[in-house]
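The values are calculated or read from the model by the stated rules, or taken from the named source; none is laboratory data. None of these values were measured; they are calculated from a predicted model. All Cβ positions, glycine included, derive from the backbone under ideal geometry; neighbour counts span all protein chains shown. What goes into the accessible areas is simple: the full protein's heavy atoms, side chains included, and nothing from ligands, DNA or RNA. Shrake-Rupley method; radii C 1.70, N 1.55, O 1.52, S 1.80 Å.
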Amino acid sequence: MAQSGKGKLNYRCPACFKRDLDIDMFYDKEKKQYYCIRCQFFGTEEEVLAENETVRSKYKDYLKRYTSFEDFDD
């Protein structure tokens, strides 16, 4: 889902993002935490950002083209 407008940035659910699903999270003002309606994940803003950073690591070389096995670092 593309985010429209120039409002506050939507956070993606890290649990769904690990399964290559792009699901936006909702914010509960009373509990001050984000939650996903698809997989029941919930957490604070810091927890969501930290989890999403670990998921993004699998895409770090997404645009890099490997031409031989010598290009890989151990």
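Tell me, what is the FRET efficiency for Cys39 and Tyr62 to the nearest 0.05, using R0 = 25 angstrom and their Cβ-Cβ distance as r? Efficiency for this residue pair is about 0.60. Only protein heavy atoms count here; under a 1.4 Å probe, Lys64 has an accessible surface of about 110 Å².
Annotation: amide H-H contacts under 5 Å for Phe41 (H modelled 1.01 Å from N, sequence separation of 5 or more, or interchain): Cys36.
Heavy atoms of the protein chains alone define the surface here; on that basis the stretch 27-67 has 90 Å² accessible area per residue at 1.4 Å probe size. Using R0 = 35 Å, the C-beta based FRET efficiency linking Phe69 and Asp22 works out to 0.65.
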